[in-house]
Amino acid sequence: MIHTYLETLADTLARVPREPIEEIVAVLRRARRERRQIFLMGNGGSAATASHWVNDLLKSAVVPGEPRFKVACLADNVATLTAYANDTSYEMIFAEPLVALAEPGDVVIALSGSGNSPNVLRAMDVACNLGLTRIGLAGFAGGKLKAKCQVCVVVPSDSMQIIEDAHLAVAHAIFRALCE
């Protein structure tokens, strides 16, 4: 099983489209230059990847002579998440903080293996209304998330574990490109 999993992951990574990844790098370079905020979000493993990506951008993507990234993961504040989930609905846990924090021109990055997480989709609708640049990372066929993004990387797999591994690899590829 281990050999099969790793072979499947390698095959899937080889089929991940490169053009949207390059577009994301360009969007994030512009966001850094213009001092825009970048918000990431996801559930479960996607939340962990979003949080990891924030760490990489805040700490390790410092380039001499360039502004630092202004980036936050909307899944990292458990008190805020649970307050919105309890007092409004789980569907609003990312949307409401975006309303409070985002400005037109900021960037939101949504990670959803299925592309159909209701709370992520709601936040992307809010992001559109706020004038944010919308980026997605999904799997399967992109789900409903794909249509809500200006740029979306769709991992060609129906295995959540392969999709999540590929999302982290894409995040690391983007990070390395941003460090150039």
**Message:** Looking at T12 and the list (1) part of a helix (DSSP H, G or I); (2) within 17 Å of the chain's Cα centre (by Cα); (3) surrounded by 18 or more Cβ atoms within 10 Å (Cβ to Cβ), which single condition is not satisfied?
**Reply:** (2)
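I'd like to verify a number: residues in region 117-137 that are of a type in the set (A, V, I, L, M, F, W, C), buried (at least 24 other Cβ atoms within 10 Å of the Cβ) and within 19 Å of V154 (Cβ to Cβ), how many?
The qualifying residues number 6.
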**Request:** Specify the residue that is farthest from the chain's Cα centre (by Cα); the eligible residues are those in region 28-45 that are of a type outside the set (D, E, K, R) and surrounded by 19 or more Cβ atoms within 10 Å (Cβ to Cβ).
**Result:** A31
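Given the criteria aliphatic (A, V, I, L, M), outside any loop (DSSP other than H, G, I, E, B) and farther than 29 Å from S157 by Cβ, does A48 qualify?
No: the conditions fail for A48.
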**Request:** Please identify the pairs in which a residue from region 118-134 that is more than 9 Å from A102 (Cβ to Cβ) has its Cβ atom under 7 Å from the Cβ atom of a residue that is of a type in the set (D, E, K, R) and not in a helix (DSSP H, G or I), counting only partners at least 6 apart or on another chain.
**Result:** L121/K144; M124/R134; C128/R134
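Looking at region 129-164, which of the residues that are of a type in the set (V, I, T) and assigned to a strand (DSSP E or B) is farthest from R30 (Cα to Cα)?
V154
Where a number appears in this text, it was derived from the coordinates with a stated rule and is not lab data. All values derive from a computational prediction rather than experimental measurement. Cβ atoms come from the backbone with ideal geometry, glycine included; neighbour counts cover every protein chain shown.
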